[in-house]
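Worksheet: the structure to be examined is printed underneath.
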Amino acid sequence: MRHLASQNLYGTYIAEAYSDSELQEAASFIDEERNKLLNYSGLDLLIKRYVIRSFTHKPVESVQEMFLGIALHLAMNEGENRLHWVKKFYDMLSRLEVTMATPTLANARKPFHQLSSCFIDTVPDSLEGIYRSIDNFAQVSKFGGGMGLYFGKVRAAGGRIRGFKGAAGGVVRWMKLVNDTAVAVDQLGVRQGAVAVYLDVWHKDLPEFLQLRTNNGDDRMKAHDIFPAVCYPDLFWKMAQQDLNLEWHMFCPNEVLTTKGYALEDFYGAAWEEKYHECVADKRLSRRTMTVKDVIRLVLRSAVETGTPFTFNRDIVNRANPNGHNGIIYCSNLCTEIAQNMRPIEELSTEVITKEGDTVVVKTVRPGDFVVCNLASLSLGNLPLENEDT
């Protein structure tokens, strides 16, 4: 352990947290016979993806040492009885009763020990904000996390920029950057970055968004390595049940904000329906109109060809939100298991100051709500029976 730490392959914090006698006792927990619980493909995957490797990509720890290293990391703040928890965690992992998510398996015990699985960011409708969100995704991907990006606030193609009509390139143009970031920041070659991009069903760019991964059309408008997802209000499905030939209107969120003074995406349920009908009735707002049937046809065509888009029924989620008094849930992550309030990062000010004789630019930002989740899996078939000694 200390040898690997000296090479910056193992985190020094493990050796600093435990005494030599504790580490020696922990080493006695290792049971190499438990390797036999793994089949060949499982053992091969662990060695190729998760055990610590040298700078020339040779494994420098065994699978059981990996399990023990993870247990040492997870238990190091457990107080005086922590070796009991080290053994408990090691036994659960090595007996395959519990499986940690990739960031925990890959990063626990390493110098950069990011253990969280998925993150969500709300992309603001500004050049700086969009690039900041892409940078956030790159940093998350660098250390093994997946990402959900909500693009529902970004203005649609043909929208105004600083008052100039038709200047906005729309959401799809940014998908290429997100896509290439997922491919380029590939977690030290271990696996490609993963990102789901969410857009509202009432967003003007929806038809092009639904064709991001299809094989026909302009390849410059494609992004084959991201996972598109659509946010639906209850009204859309009510209209689908009532009459598929009803008209569905899609708007530019920036135009709604500047014309109506509110963001349509900031509402849900009955309040959203009221605001949506206000927008439909307002002749000042440009819109893209299709029948509900045609929208669903585009969704189904994409689903048949690509397996996407994912579905997020926002009204249902927000009605169940226990913190609805203090925010809104715009979207979720790749697995659509996160449901937490979201808020974009805001840049408050930029100052140029002199510090120790040098000119320094200081940017002040409000952090927003950058959502995160941690995952683990129970292997029910491997868990001991209730009357067995655990």
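The values are calculated or read from the model by the stated rules, or taken from the named source; none is laboratory data. Values in this document were obtained by computation on a predicted structure and should not be read as measured data. With ideal geometry, Cβ positions are generated from the backbone for all residues, glycine too; neighbour counts draw on all protein chains shown.
Candidates in the stretch 111-129 are the residues that are touching a Phe, Trp or Tyr at 6+ places or on another chain (Cβ under 7 Å) and surrounded by fewer than 20 Cβ atoms within 10 Å (Cβ to Cβ); of these, the one that is nearest to LEU257 (Cα to Cα) is GLN114.
Just so you know, in the stretch 338-361 the residues that are within 23 Å of ASP121 (Cα to Cα) and either not aliphatic (A, V, I, L, M) or not assigned by TED's automatic domain parsing to the domain that holds PHE310 (or both) include one that is surrounded by the fewest Cβ atoms within 10 Å (Cβ to Cβ), and it is SER349. Taken together, the residues in the stretch 1-50 that are in contact with a strand residue (DSSP E or B) (Cβ under 6 Å, 6 or more places away or on another chain) and aromatic (Phe, Trp, Tyr) amount to 0. For the stretch 184-207, the set of residues classified as buried (at least 20 other Cβ atoms within 10 Å of the Cβ), charged (D, E, K, R) and without any contact (Cβ under 8 Å) to a residue 60 or more places away in the chain consists of ASP205 only.
For the stretch 285-334, filtering for residues that are exposed (fewer than 13 other Cβ atoms within 10 Å of the Cβ) and within 15 Å of ALA196 (Cβ to Cβ) leaves 1. Specify the residue that is surrounded by the most Cβ atoms within 10 Å (Cβ to Cβ); the eligible residues are those in the stretch 228-258 that are in a strand (DSSP E or B) and within 25 Å of the chain's Cα centre (by Cα). My answer is CYS231. Scanning the stretch 259-285 for residues that are part of a helix (DSSP H, G or I) and touching a residue at least 40 places away in the same chain (Cβ under 8 Å) returns LEU264, GLU265, ASP266, GLY269, TRP272, GLU273, TYR276. On the basis of being crowded, with 23+ Cβ neighbours inside 10 Å and at pLDDT below 90, does GLY148 make the cut? In short, no.
Apart from one condition, PHE137 fits all of (1) touching a Pro at 6+ places or on another chain (Cβ under 9 Å); (2) crowded, with 24+ Cβ neighbours inside 10 Å; (3) among the aromatic types (Phe, Trp, Tyr); the exception is (1). For the stretch 222-273, the set of residues classified as of a type in the set (D, E, K, R), touching a Leu at 6+ places or on another chain (Cβ under 9 Å) and over 23 Å from ARG319 (Cα atoms) consists of LYS222, GLU255, LYS260, listed by residue number. Selection of the stretch 293-337 for residues being in a helix (DSSP H, G or I) and more than 29 Å from GLY217 (Cα to Cα) yields ARG314, ASP315, ILE316, VAL317, ASN318, ARG319, GLY324, HIS325, ASN326.
Annotation note: of LEU348, LEU383, the sole residue that is touching a residue at least 40 places away in the same chain (Cβ under 8 Å) and more than 24 Å from ASP315 (Cβ to Cβ) is LEU383. Filtering GLU33, GLU97, GLU65 for residues that are touching a residue at least 60 places away in the same chain (Cβ under 8 Å) and either crowded, with 18+ Cβ neighbours inside 10 Å or not basic (Lys, Arg) (or both) leaves a single hit, GLU97.
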